[in-house]
Amino acid sequence: MPEILKAAAAKTSHGSDPELSERVRSLIAEIEARGEAAVREMSSQFDNWSPEHFRLSPGEIDRIVSGVDTSTVEDIKFAQSQIRNFAQAQLESISDTEIETMPGVVLGHKNIPVESVGAYVPGGRYPMVASAHMSVLTAKVAGVARVAACTPPIGGAVPAETVAAMHFAGADEIYLLGGVQAVASLSLGTEFVDPVDVLVGPGNAYVAEAKRQLYGRVGIDLPAGPTETLLLADDTVDGEICATDLLGQAEHGPTSPAVLLTTSRQLGLDTIEEVERQLKTLPTADVASTAWADYGRVVVCKDKEEMLEMANELAFEHVQVMTSDDDYFLERLTNYGALFLGPMTNVSYGDKVIGTNHTLPTQGAARYTGGLWVGKFIKTVTYQRVTEPSSSALIGEYCSRLCAIENFAGHQAQADIRVKRYGGVRA
């Protein structure tokens with residue numbers, strides 16, 4: 001049985017807050033009923049933002065981008081080149097397929113990009129510039145014709161670096177608008193923006209709940225909850241690096257779980273001690289300390305097999321492996337959003353620059369889905385063609401009998417007419 005050196009003080013909840021859900025529902029209903037007027041009221045109330053136009057003009061974008069520090073622009077472009085390269089490689093792994101399953105029966109599928117995407121890029125305490133790369137750029141690599149991107153003003157000001165990232169990523173439309181009012185506008189359409197087909201991007205609890213409620217009217221990337229990080233480590237690493245990597249993700253929010261599974265009891269104790277030391281100087285300790293106190297865990301496992309079992313049960317968003325046999329976990333882990341192998345990489349690399357996408361499943365969703373990638377913007381659709389009369393008649397005979405079992409008389413008639421017409425026809 002594993003030994004718990006530090007337990008979580010709070011219990012992780014996967015359910016939605018009924019009060020928050022109802023509040024979001026009412027906001028969406030207001031926007032659906034009153035359009036831009038409701039959006040303007042919400043933008044003024046929540047973001048102190050009442051511009052003449054929410055959409056930035058090409059001239060405004062050029063002016064904003066020109067004011068961004070040159071070195072920052074270079075950094076953004078470097079990150080985008082890494083993400084573009086990997087997304088392009090992923091795209092090239094997707095292929096159309098066509099096979100002849102029997103004489104004259106041709107089945108196939110085609111991969112078609114969705115026509116329009118709404119990309120939400122969060123602001124607030126953490127203006128997530130990198131989310132522009134992950135959503136806008138990935139959609140454009142997939143071949144999406146129209147990407148409308150929204151980001152909120154920060155303290156009544158334009159987040160210039162985020163706008164620059166959206167622009168360089170290829171956004172066709174850029175709006176300074178945040179929160180529920182942004183994602184609802186993108187999904188439903190208002191006087192100033194046409195509706196999109198797919199809505200992507202992270203956000204706070206209100207944005208996440210709005211996406212959940214809007215799903216069905218539009219597609220979404222995946223349900224999103226608090227950031228999660230899991231470390232699998234042994235005595236090949238030390239407490240300092242483990243503590244740094246745990247706190248580096250705990251700073252996302254006060255409900256972000258940060259968990260260490262280790263086969264070394266001493267590493268577990270060293271990590272706990274090091275976390276407390278680092279929290280004394282970490283600028284984001286106000287958030288990270290709460291997350292660590294309430295949702296941080298350190299567990300000593302008897303061997304790597306037990307670590308593997310617990311990791312698959314947790315199904316965390318980020319899993320970082322720093323052991324003497326990282327490939328053991330690469331080959332056997334099945335439930336995770338993204339995997340980071342060895343001490344020379346870390347979750348921050350994935351979040352910001354290395355090239356993989358940082359929009360990932362949380363709250364156990366890694367059991368059934370991966371994260372955002374070019375494939376999320378592509379519809380795989382099938383087609384069929386029958387050119388051999390005898391094959392149509394043969395399939396029709398089977399189809400007729402199967403339809404009869406289900407009492408689908410109309411379906412059966414579709415099969416029977418082809419048996420009648422093509423049963424005696426020679427190609």
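The values are calculated or read from the model by the stated rules, or taken from the named source; none is laboratory data. Keep in mind it's a predicted model, so treat the numbers as computed, not measured. Backbone-built Cβ (ideal geometry, glycine too); neighbour counts: all protein chains shown. SASA here: full protein model, heavy atoms, side chains in, ligands and nucleic acids out. Shrake-Rupley method; radii C 1.70, N 1.55, O 1.52, S 1.80 Å.
I'd like to know if the stretch 351-363 contains one or more residues that are outside any helix (DSSP H, G or I), open to solvent by 30 Å² or more (accessible area, probe 1.4 Å), at negative phi and free of Cβ contacts under 8 Å to residues at least 60 places away in the same chain. Before you say what the answer is, go through the steps one by one.
Going through the stretch 351-363, the residues outside any helix (DSSP H, G or I) turn out to be 353-363.
So of that shortlist, the ones also open to solvent by 30 Å² or more (accessible area, probe 1.4 Å) come out as 353-354, 356, 363.
Narrowing the set further to residues that are at negative phi leaves 353-354, 356.
Filter once more, keeping what is free of Cβ contacts under 8 Å to residues at least 60 places away in the same chain: none.
Looking through the stretch 351-363, none of the residues is outside any helix (DSSP H, G or I), open to solvent by 30 Å² or more (accessible area, probe 1.4 Å), at negative phi and free of Cβ contacts under 8 Å to residues at least 60 places away in the same chain.
With respect to being under 20 Å from Ala288 (Cα atoms) and not polar (S, T, N, Q), Pro195 falls outside the description.
Would you mind finding the one in Thr356, Thr345 that is modelled with pLDDT of 95 or more and in contact with a strand residue (DSSP E or B) (Cβ under 7 Å, 6 or more places away or on another chain)?
Numbers: Thr345 fails: in contact with a strand residue (DSSP E or B) (Cβ under 7 Å, 6 or more places away or on another chain).
Just one listed residue meets the conditions, Thr356.
Quick check, is Gln88 part of a helix (DSSP H, G or I), exposed (fewer than 15 other Cβ atoms within 10 Å of the Cβ), on the phi < 0 side of the Ramachandran plot and modelled with pLDDT of 95 or more? Considered against the rule, which asks whether it is part of a helix (DSSP H, G or I), exposed (fewer than 15 other Cβ atoms within 10 Å of the Cβ), on the phi < 0 side of the Ramachandran plot and modelled with pLDDT of 95 or more, Gln88 comes out as yes. Could you tell me whether Ser391 is of a type outside the set (A, V, I, L, M, F, W, C) and out of contact with any helix residue (DSSP H, G or I) (no Cβ under 6 Å at 6 or more places or on another chain)? Judged against the criteria, Ser391 is a match. Here Leu308 fulfils each of the conditions (1) under 29 Å from Arg84 (Cβ atoms); (2) open to solvent by less than 30 Å² (accessible area, probe 1.4 Å); (3) touching a Phe, Trp or Tyr at 6+ places or on another chain (Cβ under 7 Å) apart from (1). For the stretch 79-121, a residue qualifies if it is among the hydroxyl-bearing types (Ser, Thr, Tyr), farther than 18 Å from Ala145 by Cβ and touching a Lys or Arg at 6+ places or on another chain (Cβ under 6 Å), but none of them does.
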